[in-house]
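The values are calculated or read from the model by the stated rules, or taken from the named source; none is laboratory data. Small disclaimer: the values here were computed from a predicted structure and weren't measured. As a convention, Cβ positions derive from the backbone with ideal geometry for all residues, glycine included, and neighbour counts pool all protein chains shown. These accessible areas exclude ligands, DNA and RNA; they are computed on the full protein's heavy atoms, side chains included. Shrake-Rupley method; radii C 1.70, N 1.55, O 1.52, S 1.80 Å.
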Amino acid sequence: MSGFPPLRRIAAGLGAVIVLGVAFAAIFAPLLVPHDPFLQDLNQRMVPPSWMEGGMPAHLFGTDQLGRDYLSRLIYGARISMLIGVMTVITSGLIGITLGVLGGFFGGRVDDVVMFAITCRLSIPLILVALSVVSLIGSSLTVVVFTLGLLLWDRFAVVARTTTMQVRTLDYVSAAWAAGCSRSYILLREVLPNIVHHLIVVATLEMALAILLEAALSFLGLGVPPPLPSWGLMISEAKDYMFFSPWVIMVPGIALFVLVLGINFLGDGLRDLLGATRDA
Amino acid sequence: MTAAPAIEARDVAKIFRQGTGMFSAARHVRAVDGVSFAVPAGGCFGIVGESGCGKSTLARLILGLYPATSGDILVDGRRLADMGRRERARLIQPVFQDPFSSLNPRRRIRDIVGLPLAAQGVGGAEITSRVAAMLERVGLSAEMAGRLPAQLSGGQRQRVAIARALILRPRIVVCDEPTSALDVSVQAQILNLLAELRRDLGLTLLFISHNLAVVEHICDEVAVMYLGRVVEHAETDALFRAPAHPYTRALLASVLTPEPGRGIPDVGLGDTYPDPANIPPGCRFHPRCPIAVDACRTQVPQPRVLSGRTVECLLA
Amino acid sequence: MVTFLARRALLALLVTLTVLTISFALTRLSGDLAVSIAGPQATAQDVEIIRKAYGLDRPLLAQFFDWVGSAASGDLGRSYLYHEPAAKLIRERLPVTLTLGLTGLCIALLTAIPLGILAAMREGSLLDRAIMLIAVIGQAMPSFWLGLLLIIWVGLKLQLLPISGVDTWDGYILPGIVLAFSAIPALMRLTRSGMVDALASDYIRTARAKGLSRASIVLKHALRNAAMPVVAVAAVQLGFMLSGSIVIESVFSLHGVGYLGWESISKNDFPVVQAVVLFLAIVYICLTLLADLLNAVLDPRLRAA
Amino acid sequence: MSETLLDVQGLRVRFGGGTEAVRGVSLAVDRGETHCLVGESGCGKSVSALAVMTLLARGATRSAERMAFAGTDLLGLDERGMAKLRGNRMAMIFQEPMTSLNPAYTVGSQMAEVMRRHRGASRRAALDRAAALLGRVGITAPGMRLAQYPHQLSGGLRQRVMIAMALMCDPELLIADEPTTALDVTVQAQILRLLLELQRELGLAILLITHDLGIVARMAHRVSVMYAGQVVESAPAADLFAAPTHPYTRGLLDCVPAPGKVARGAQLGSIPGTVPRIPLGFTGCAFRDRCAQAMPECSGDIPAQTRIPGHRYLCRLPAGWPRDAAA
């Protein structure tokens, strides 16, 4: 093997830097923000970013239609995106991996049920159902997290199921049965460690998807409720002004794009590093 | 001969339902179809046959990896099905064919070889010392213990698999094609090691292979399987000297010894191939048999004892 | 083959029933539906009247079986808002969504498959990496944001294409591109990995050993085998596109089925929400069935089952 | 001596990352003879064959002092020129009959396309020829088989189809890369017997690659034994088995359990250790770490010696070194 192609290594490193940077901003948001992200200043509405004409040094990325500092809102928005991403992956990972591993490991009727659950889940129109749930229960961060978590487990389940099925038939698992190991020992120590690298890659994909979906829900007005500064909501609130000041949608849009790109780069890097396959 | 045989199979059958589940058609595959034999303690029993004859399924049945559909497997006169997993593990251990898939790629050699001990609840320090001793016994240096399987060659991996099989000091080792994935030079090393260990530890070996030359070299008794049944069973010398079943004869004729100028023999089988999902009526070998008569198409041959051997053929 | 189809159809029916149950349960999540419908200004009497009028005072199970029964006969309920059958509303909006979805799929396939083949043939080259970079970027692009950007730059600044309204065919181009963008990465990666696997396979070596031309090796022998997973995923992607059109339709103010769903959700028009969910689920189920059929045509091994 | 059909001198194949899989292999195949290339996995025998056919995977580079087929210089041919020869005058069959046929097309269409490509034959004529050849390789009901897909055939039948397909354009040379390794022993015997018959009938030259010395003994006119990318011994089959000279060849022959040769339970001869990885710039004998006869000089240049005309080996030892010394 000629080692890892350098270009991909750079991309993976870049991805790691982006994700860690956003995570840092999310954790230490209160210490980093120059202004209160919720403080309205109606005298200073729609101030453009400081490098543009009419910009102010105090507001690096300008202010929004209510005069709130855009950079501060962006940093607090990172909290929401990261929180959504991480929590959704944990919830959906727990559901999907449990179902997939059980179906793949036990086969037979158990697997039939798991396959049926996956098929049903895939048949449900994702965004529409998420929107309905949020609209019916009432929009809050918790509701969005759990709605996405309860909907996005399908890929975890599919990948966990197929990889478990492959590993289950290998001779080292047979040897462990013959060695007198218990079922749970075999599942946890022989099977799971040999599929976990595939699942880590799925986790990055799902994290990116969850972040994009939250943004889309918030954009449609049924995600995170205002005045919380979700990036999707920022784009939605700003879109009436975008024809005259395009930067109002550029700033949060680029933030969203760069974060998701970073996660994808990181995922591709992990895939190469861990030797997982892409399409499962 | 008052002691019970080390392993005894009584009319063992295994039927797989392929494509079970509610959304696809089921198909019944009779992988093992009424097999009986007994292996005395300390013996080496060979099972030969071609792909699809059920020999690997039989190995897995004897290891307790599958439940038998019918029939009994007895170890030391006790039913395998009545034993707990720990007790079974102390009596029987496997060596599988593919040294690449038979070792967990994410665990160190120490943990792989020590796994049967850990499953018995043996403590860490004792595992370490017993693993080290066992690695040495199979011809590996103690420093191998810290390595991962990927750092070992095929022959070394198979030695690790043998060490794992022997660490509990089992009475019986089931070897399922233990050398067919190896090069000939390494195959000879492993066969020599198995023969030596068998002698020193008084093991009973069940040796499954498609390679007749290997079986002839290592086994005392041989059973020939065809489509899930034992069609001929005899002591090795008798079987190789005068095979009685036409299938055994074809198998023996197919062995290509390195003797130049002998040419390739005509084994006399046609171009039909056995399919365990579709077993022919009558004698299951008749579509390929060079000497089949009309009766073979309808009449199922019963096992017959003939001069120290058991044969299932109407014409034998 | 016949039993295979029958079993698939049975599965589809079971899935439909489950989705039916879920979409019914969904609308009862909020607690009192009558209160939601009546709105905040309504008095207790109003709510009571509404409850009677819509049959919400009957046991839940009875309501459910009523709904399933009428759904089975094609009656998906009446809109509270438009006072028209939900099925009629969907039928009216369907052409918009269908045109959009098919435009998106065509753009996606015409981009993804050639690029995927090209990347596979030059595996590891700079071209391959550039193409895969497009896939990663496409995956990271929030579709509503891309839509807004295209509206600003292509629609407004360059004035090349109309930005909203469906009067003419070119009104579908921008939303079609945005929709395609969401499907291109998956299709492209799949085409590439399928082609890479196929090109490395033993039968391609056989084809080369037979002295066949390069075109025949790539297009006849490799593509045919690489196409099977792509077909399956293309159908699934079309399903996702139809339900994903909700975002794009709202960005481009296209009054399709997705827009109808969004409108009904924000205005508590539950029969329509139920109907749209069910409709999209059935479309998806039909598409996967179709993909299975297509794959059986492409892969002789599946025909025997 | 009959005419040399394939003549390869000093063939080298290098993979990216600096490993050399084939290190100066020379071999010649005469018209109508079977030349067996024998060795253990990783010795470079398959790579040599693929290099001759110009079928190496991307990332492999090939060089040779000379490579000629029936007087045509193969080194000078471009891909298009090579494609004209492949499947036409030189054909190849592979180890894995299960995966070597395209699962998406019928047997008939895959066979016919060879003749349509090289001879411009009509579909009808190509299918007729395919049916005739299927009959020739011992397949009953060839007409039915033509319309079947590969997954409907067993391994043995598929390998017969592969052979028939290789014969579509009456090739002069057939390269068979472990053609029976994936098959059952009875089927192996049938396939090898078929190859012998076809050779006698059609005057085919066969380059047969195998790891099985039994097959070599029964099939070969001439044998080349490969180890770590080199031909360490090459001789007429009878002479090689009568007087194996390279320590590796002798060790290999001792390893093979043959009924009646070694007493049951007695030790088989074996070669210690495993095949080494050969780094670039390696000199000396690659077998020296496993060889009981190794001397310090074995790390220097190794002379190619001749035992009798036509029997060459790559070792310092004299031709008649005593066998018992190995113990």
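Numbers for the structure displayed
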read-out	value
Residue match in region D:178-192 (condition: in contact (Cβ under 8 Å) with a residue 40 or more places away in the chain and either facing another protein chain (nearest Cβ under 8 Å) or in a helix (DSSP H, G or I) (or both))	yes
Subset of region D:269-327 (residues that are in contact with a strand residue (DSSP E or B) (Cβ under 9 Å, 6 or more places away or on another chain), in contact (Cβ under 8 Å) with a residue 40 or more places away in the chain and of a type in the set (Lys, Arg))	D:Arg277, D:Arg307, D:Arg312
Unmet criterion (only one of (1) on the phi > 0 side of the Ramachandran plot; (2) modelled with pLDDT under 90; (3) acidic (Asp, Glu)) for B:Asp183	(1)
Region D:203-219, residues that are more than 11 Å from chain B (Cβ to nearest Cβ) and small (Gly, Ala, Ser)	D:Gly203, D:Ala205
Any hit, region D:172-180, residues being out of contact with any strand residue (DSSP E or B) (no Cβ under 8 Å at 6 or more places or on another chain), at pLDDT 90 or above and either over 19 Å from B:Pro260 (Cβ atoms) or open to solvent by 20 Å² or more (accessible area, probe 1.4 Å) (or both)	no
Options A:Thr147, A:Thr142, A:Thr98, A:Thr91: the member that is touching a Phe, Trp or Tyr at 6+ places or on another chain (Cβ under 7 Å) and either open to solvent by 10 Å² or more (accessible area, probe 1.4 Å) or not aromatic (Phe, Trp, Tyr) (or both)	A:Thr91
Single residue of D:Ala126, D:Ala164, D:Ala132 found to be without any contact (Cβ under 8 Å) to a residue 24 or more places away in the chain, part of a helix (DSSP H, G or I), closer than 15 Å to D:Val114 by Cβ and among the aliphatic types (A, V, I, L, M)	D:Ala132
Criterion: within 18 Å of C:Leu109 (Cα to Cα), buried (at least 17 other Cβ atoms within 10 Å of the Cβ) and modelled with pLDDT of 80 or more - qualifying residue of C:Ala186, C:Ala209	C:Ala186
Qualifying positions in region A:209-218 - more than 7 Å from chain C (Cβ to nearest Cβ) and open to solvent by 10 Å² or more (accessible area, probe 1.4 Å)	A:Leu209, A:Leu213
Selection from region B:128-171 of residues that are of a type in the set (D, E, K, R) and in contact (Cβ under 8 Å) with a residue 12 or more places away in the chain	B:Arg130, B:Arg137, B:Arg147, B:Arg157, B:Arg159, B:Arg164, B:Arg169, B:Arg171
Qualifying residues in region A:131-145 (those that are within 10 Å of chain C (Cβ to nearest Cβ) and part of a helix (DSSP H, G or I)) - the one farthest from C:Val257 (Cα to Cα)	A:Ile137
Residue check for A:Leu32: more than 30 Å from D:Arg58 (Cβ to Cβ), surrounded by fewer than 18 Cβ atoms within 10 Å (Cβ to Cβ) and either free of Cβ contacts under 8 Å to residues at least 40 places away in the same chain or over 21 Å from the mean Cα position of the chain (by Cα) (or both)	yes
Test: residue in region B:59-66 that is within 22 Å of B:Val224 (Cβ to Cβ), open to solvent by 20 Å² or more (accessible area, probe 1.4 Å) and under 13 Å from the mean Cα position of the chain (by Cα)	yes
Of residues in region B:143-192 being surrounded by fewer than 21 Cβ atoms within 10 Å (Cβ to Cβ) and among the hydroxyl-bearing types (Ser, Thr, Tyr), the one nearest to D:Thr274 (Cα to Cα)	B:Ser153
Within region B:241-268, considering residues that are of a type in the set (S, T, N, Q) and within 7 Å of chain D (Cβ to nearest Cβ), the one farthest from D:Leu196 (Cα to Cα)	B:Thr257
Some residue of region C:129-137 being farther than 18 Å from C:Ser193 by Cβ and open to solvent by 50 Å² or more (accessible area, probe 1.4 Å)	yes
Which listed residue is open to solvent by less than 50 Å² (accessible area, probe 1.4 Å), part of a helix (DSSP H, G or I), within 19 Å of D:Leu183 (Cα to Cα) and of a type in the set (A, V, I, L, M, F, W, C), from B:Leu256, B:Leu252, B:Leu269	B:Leu252
Number of the exception - B:Ile279 against (1) over 27 Å from D:Arg145 (Cβ atoms); (2) within 25 Å of the chain's Cα centre (by Cα)	(1)
Residue ID - most open to solvent (accessible area, probe 1.4 Å), chosen from residues in region B:210-235 that are within 14 Å of another protein chain (Cβ to nearest Cβ) and more than 25 Å from B:Val184 (Cα to Cα)	B:Glu235
Qualifying residue in region B:195-205 (condition: within 20 Å of the chain's Cα centre (by Cα), more than 27 Å from B:Ile92 (Cα to Cα) and touching a residue at least 24 places away in the same chain (Cβ under 8 Å))	no
Residue list for region D:220-268, restricted to those being assigned to a helix (DSSP H, G or I), in contact (Cβ under 8 Å) with a residue 12 or more places away in the chain and at the interface with chain B (Cβ under 7 Å from one of its Cβ atoms)	D:Ala237, D:Phe241, D:Gly251, D:Leu252, D:Leu253, D:Cys255
Candidates C:Leu254, C:Leu238, C:Leu289 - the one that is more than 8 Å from chain A (Cβ to nearest Cβ), open to solvent by less than 30 Å² (accessible area, probe 1.4 Å) and within 15 Å of A:Leu122 (Cβ to Cβ)	C:Leu238
Qualifying positions in region A:219-274 - in contact with an Asp or Glu (Cβ under 8 Å, 6 or more places away or on another chain), outside any helix (DSSP H, G or I) and open to solvent by less than 10 Å² (accessible area, probe 1.4 Å)	A:Gly223, A:Val224, A:Ser230
Filtered residue count, region A:166-193, keeping only those that are among the aliphatic types (A, V, I, L, M), under 27 Å from B:Arg171 (Cβ atoms) and in a helix (DSSP H, G or I)	5
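Residue-wise test of (1) modelled with pLDDT of 85 or more; (2) buried (at least 19 other Cβ atoms within 10 Å of the Cβ).
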position: D:Ala238; (1), (2): yes, no
position: D:Val262; (1), (2): no, no
position: D:Leu268; (1), (2): no, yes
position: D:Thr274; (1), (2): no, yes
position: D:Phe287; (1), (2): yes, yes
position: D:Gly300; (1), (2): yes, no
position: D:Cys315; (1), (2): yes, yes
position: D:Pro322; (1), (2): no, no
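Yes/no matrix, rows are residues, columns are (1) under 16 Å from A:Ala179 (Cα atoms); (2) within 19 Å of the chain's Cα centre (by Cα); (3) in a loop (DSSP other than H, G, I, E, B):
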{"site": "B:Met144", "(1), (2), (3)": "no, no, no"}
{"site": "B:Ala150", "(1), (2), (3)": "no, no, no"}
{"site": "B:Gln156", "(1), (2), (3)": "no, no, no"}
{"site": "B:Ala163", "(1), (2), (3)": "yes, yes, no"}
{"site": "B:Pro178", "(1), (2), (3)": "no, yes, yes"}
{"site": "B:Ala188", "(1), (2), (3)": "no, yes, no"}
{"site": "B:Leu193", "(1), (2), (3)": "no, yes, no"}
